[in-house]
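Q: Sharing a structure, written as structure tokens. Questions coming.
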């Protein structure tokens, strides 16, 4: 009886040992499984992180670089165009101003010579009309009529001489000229920036010959 109980006790102890070993083995396997699962999850997490990585691949890098270069080129192009436009405006503005000023000066000079000749011719026309009325006046004496005829001839001769002189002066290459004849002196204004000494001499010769005056009475200026 004692032997039986002893054997049962041994069996019981062995069974407990086996159960304990099995349990420990099961627990160890569970820990290994959990550790493996955690490792797999970490790997998956790392993989996911690589999929959403902010580091671009080669194609994305090239695309971004092209976009950046394109924007830089566009910016440079706009800046260059703006600078060119500003440069063109700066270049054109003074040129346009100078041209306008030159045109205005030319118009003023043309106006001066045109109006001066018109006023001079109007004065001669009025003088001719006055002496013509004197000559036609029935109450005028013969001496007065003779004087009126002489004045009319002198005025016409002066007008013709002036016209010939002005045409000869411009034929020398000068742009324009206006001549005024007063008692004892002749004034001529030449349209030119400057007059050379030989041109002055030519003008004096023309006026002396056509108007029958001395060189000392001739006054020449340019405008």
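The numbers here are math on the coordinates, done by the rules we state, and not lab data. The shown structure was predicted, so the numbers you read here are calculated from the model rather than taken from an experiment.
Q: May I ask you to derive the relative contact order of the range 116-222, considering only C-alpha pairs under 8 Å and at least 6 residues apart, and to give it as an integer percent?
A: Value for the range 116-222: 21 percent.
Q: At 0.36 nm per residue, minus the direct Cα-Cα distance, what do residue 185 and residue 222 gain on full extension? Give it in nm, one decimal, please.
A: Fully extending the segment from residue 185 to residue 222 adds 11.6 nm.
Q: Quick check: residue separation of residue 193 and residue 156 times 0.36 nm, minus the Cα distance between them. What number comes out in nm?
A: 10.1 nm
Q: Could I ask something else about it? Where the Cα atoms of the range 116-222 are projected onto their three principal axes, how long is each span, largest first, in whole Å?
A: Largest to smallest, the principal-axis extents are 54, 25, 18 Å.
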